Every structure is written in structure tokens, then in C-alpha cells.
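A.B. asks: Structure provided below as C-alpha cells; questions to follow.
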Amino acid sequence: MTDTLIKSQELVAASAVADYLQQHPDFFQHYPELLPLLRLPHQQRGTVSLVERQLELQREKIHLLQEDITRLMSVARQNEHIFLALNALHIAVHQAKNLTDVQQALQAFADAMPQVKYCRLLGLEQPGADLSPYQLLLSRRLQQQPVYLGRLNKEEQHDIFPAKVHSVALLRIDQQDTPLAILAFGSELDDHFQPEMDVLFLRHLVTLLALVLPAYVNA
């Protein structure tokens, strides 16, 4: 009973100290001589002083910030690369004289993208638009959204990409709310195209092709 009472009193005292320090964050400025006396448990180094622990936490924060900066710079470079390639595609598409020129411009855009090995414009292989061979893709992958990123099963990928393609980007191009074509990009990397990726540039490409392709289909 005595041990329980002592533990209870210690918890109350610790809580009071914690509350006091929260209300007086400048306490150790008035009593700096106490800082070296405070000891904290450390998994690798046993017990360390509060000052050492604070310095370690600061170093960890700096390291995380440096990683964030490096990641953001990498994303910025990738976005710049995509923007320049998309700008070149805009020019090439508007200068195109026929559907073959458009397909060549799309292939050049794909070639400019890292790890993208394949590009196909589905549904326009013959004169006129015919997406009947690709109804499986439309119903399973592109029914709700005009962009799909991820993997296809063997049945879906058959006659579109070789088996070594492990992730794809599918873009449904519509004409007056009716599917006109599917632009497909393929990568041999499993995780190059992932569902959680941003699709801003791809949606822009969908809008561009929806404006351009009908002229060649209906000609």
C-alpha cells in the first residue's frame, strides 16, 4: 500500500513539473546550470544529456529538411522536363498535316519521357474510329475516369503491348462525350505508372487530343 502511495505521489509530482515547464518554457534560461544534469535514455548510446539529445534532434530535423529539398528539386526538374516536352508536342500537333504526323509527334513525346518505351494511339488504326477491340479497357479501366495509371492483366494487355510492359498510362480521348480513341503509354518498370500519381499533365494531353483528333477522323 505504501509503495502504491509513493508511486502515486511521484506521478502527481512529475505531472506538476511537466505542467510548470509547459507554462514556463523559459525556465532553463534562468537556471542553465540544470541542463547538463538532465539525463535522457538513448537506445544506442545509453544515457545522454538533454543538450546532446536536443542537438541530435536538430540534426535529424535538418537531415529530413535536406531530403525534402532534394525531393522537391527532383520533382521540379521532372515537371520542367515534362512541360518542355509537352510544349514541343503542342507545336508538332498543330503543325501536323495528317494523322501520321500526330502519331509521330506522340511517339516523340513518349521518347522524351524517362522509362517510357511504348506509345500507341488505339482505335484509329484504320480510317475512321473503331474502339470495339478495346471495349475491355474502356469498361474496366476508363469507364469512370479518362486517365488510368497502373498495371493491366494479360487479357487486357493482349495485342496492345508486349508482356515486358509492366505498367501503363491509358488516356481516353472523347468526342462530345463519346470515346474516340485511347492513347496508351507503356513502361517496363512495375512502378513507373502508379494510381496515386498526379495526372495534371496527362489530363492536359487528353484535352489537347480531344480538340485535334476529330478533324482527322471526320475528314
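A.B. asks: For helix 99-112, report the angle its Cα long axis makes with the longest principal axis of the Cα atoms of the chain; keep it between 0 and 90° and round to the nearest 10°.
C.D. replies: 20
A.B. asks: Might you tell me the accessible area per residue for the chain, computed with a 1.4 Å probe and given in Å²?
C.D. replies: Values: 14740 Å² over 219 residues.
Here the per-residue accessible area is 67 Å².
A.B. asks: Using a/c under 1.5 as the rounded threshold, could you call the chain rounded, prolate or oblate? The axes a ≥ b ≥ c are square roots of the C-alpha gyration tensor eigenvalues, and prolate needs a/b larger than b/c, oblate otherwise.
C.D. replies: Values: a/c = 3.80, a/b = 2.95, b/c = 1.29.
The shape class here is prolate.
A.B. asks: Let me ask you something else. Calculated from DSSP H runs of 4 or more alone, at -39500 (n - 2.57) each and per residue, what is the 222 nm mean residue ellipticity of the chain, nearest 500?
C.D. replies: So the calculated ellipticity at 222 nm is -17500 deg cm²/dmol.
A.B. asks: Where does helix 50-95 land angle-wise versus the long Cα axis of the chain, in degrees 0 to 90, nearest 10?
C.D. replies: Here the helix axis deviates by roughly 10 degrees.
A.B. asks: Given labels modelled 7 Å from the Cα in the Cβ direction, how far is it in nm from Val75 to Ile62?
C.D. replies: 2.5
A.B. asks: Assign one of three labels to region 87-134, namely rounded, prolate or oblate, based on the Cα gyration tensor with a ≥ b ≥ c the square roots of its eigenvalues; rounded applies when a/c is under 1.5, prolate when it is not and a/b is larger than b/c, and oblate otherwise. Present the calculation step by step, with values, prior to reporting the outcome.
C.D. replies: Working: a/c = 3.14, a/b = 1.31, b/c = 2.40.
Since a/c reaches 1.5 but b/c is at least a/b, the shape of region 87-134 is classed as oblate.
A.B. asks: So, with a 1.4 angstrom probe, what is the percent of accessible area on the chain that is carbon and sulfur?
C.D. replies: Working: 8320 of 14740 Å².
Here it works out to 56 percent.
A.B. asks: Output the relative contact order of region 171-219, whole-number percent, from Cα pairs under 8 angstrom with separation of 6+ residues.
C.D. replies: Numbers: 27 pairs, mean separation 19.4, N = 49.
Computed value for region 171-219: 40 percent relative contact order.
A.B. asks: For the pair Glu125 and Asn98, what calculated FRET efficiency results from E = 1/(1 + (r/R0)^6), where r is the Cβ-Cβ distance and R0 = 22 Å, to the nearest 0.05?
C.D. replies: Values: r = 14 Å, r/R0 = 0.65.
The computed FRET efficiency comes out at 0.95.
A.B. asks: Determine which residues of region 68-104 fall in the zone a paramagnetic label at Phe201 would reach in this model, i.e. backbone nitrogen under 14 Å from the point 7 Å along Cα→Cβ.
C.D. replies: Residues passing the 14 Å test: 74-90.
A.B. asks: Relative contact order (percent) for region 131-219, with alpha-carbon contacts under 8 angstrom and 6 or more residues of separation?
C.D. replies: It rounds to 28 percent for region 131-219.
The values are calculated or read from the model by the stated rules, or taken from the named source; none is laboratory data. Predicted, not measured: the structure shown is a model, and the values here were computed from it. Reconstructed Cβ throughout: ideal geometry from the backbone, glycine too, with neighbour counts over all protein chains shown. Side chains are part of the model used for accessible areas, which takes the heavy atoms of the whole protein and leaves out ligands, DNA and RNA. Shrake-Rupley method; radii C 1.70, N 1.55, O 1.52, S 1.80 Å.
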